[in-house]
Each structure stands twice: as C-alpha cells, then as structure tokens.
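The values are calculated or read from the model by the stated rules, or taken from the named source; none is laboratory data. Fair warning: this is a prediction, and the values are worked out from it, not measured in the lab. Cβ placement follows ideal geometry from the backbone for every residue including glycine, while neighbour counts extend to all protein chains displayed. Remember, those area values only see protein heavy atoms, side chains included, never the ligands or the DNA or RNA. Shrake-Rupley method; radii C 1.70, N 1.55, O 1.52, S 1.80 Å.
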Amino acid sequence: MTTVEIEYCVPCGFLRRAEDVLHVLLATFGERLDRVALVTGDHGVFVVRVDGEVVFDVSEDDFDADEIARRVRSRM
C-alpha cells in the first residue's frame, strides 16, 4: 500500500489546496492508498511525498492537483 503526505503552509492559507489534493487522490485511488495525511508547516511549504519521496514541491512547480495525482500514480 501507498502512503501520501501533503505538507502545507498554515500561515499562507494553503489548507484549501491541501484539501483539493487530498480529495483528488482519494477519489482517484481510493482503497489503493493506505494513508493520506495532512501535515502542517510554514514558510511557504507545499510538498507532496509518496512513501517518503518528494513528488511535488511548490517551490519548483506550479500548483496543479491533477498533475500531482499523475505523479502519485507513477509512484504507486
């Protein structure tokens, strides 16, 4: 099974983005995911990890929930 962590900046107001990604992942992969966790952070962080490996970092890429789902799929 696969574990996904979505670390997001609380002061930046990234909760909505984190929830959007969470929803897309659960709707797309459902029972294939062991866990999807929201992890609070700060300093502009928005990082998605699959089994501990970074697949998306907002400091390097533009936010796109569908692209994040594709990257998660490639690690499953």
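Where the alpha-carbon atoms of the chain are placed on the principal axes, they occupy 32, 20, 19 Å, in descending order.
Based on the mean of other beta carbon atoms within 10 Å per residue, what is the order of 38-47, 17-26, most packed first? Working shown, then result.
Details: 38-47: 14.3, 17-26: 17.5.
My ranking of the peptides, most packed first, is 17-26, 38-47.
Kirkwood hydrodynamic radius of the range 1-43 from all distinct Cα pairs, in Å? Show your work: numbers first, answer last.
On the way: mean 1/r = 0.0936 Å⁻¹.
Value: 10.7 Å, from the Cα pair sum.
Fully extending the segment from E5 to D61, taken as 0.36 nm per residue of separation minus the present Cα-Cα distance, adds 18.4 nm. Normalised by the residues of the chain, what does the relative contact order come to in percent, with Cα pairs under 8 Å and at least six apart? Reported as a whole number, the value is 39 percent. Only protein heavy atoms count here; under a 1.4 Å probe, R75 has an accessible surface of about 100 Å². Carbon-plus-sulfur accessible fraction, the range 32-76 (probe radius 1.4 Å, protein heavy atoms only): 40%.
Considering amide H positions built from the backbone, and no H for Pro or chain starts, which residues 5 or more places from F56, or on another chain, come under 5 Å of its amide H? Here V48 satisfy the definition.
With the other protein chains left in place, how much accessible area per residue, in square angstrom, belongs to the chain at a 1.4 angstrom probe? Don't skip to the end; give the middle numbers.
Numbers: 4480 Å² over 76 residues.
For the chain, the per-residue accessible area is 59 Å².
About the Cα centre of the range 1-40, what is the dipole size in debye to 20, counting +1 per Lys and Arg Cβ and -1 per Asp and Glu Cβ, all else neutral?
Values: 4 positive and 6 negative charges, 15 e Å.
That gives a dipole near 80 debye.
Entry note, the chain: the mean residue ellipticity at 222 nm calculated from DSSP H runs of n ≥ 4, each adding -39500 (n - 2.57), is -11000 deg cm²/dmol after division by the residues and rounding to the nearest 500. Ranking H43, L25, C12 by Cα position along the charge dipole of the range 5-56, where only Lys, Arg, Asp and Glu carry charges on their C-beta atoms, puts C12 farthest toward the positive end.
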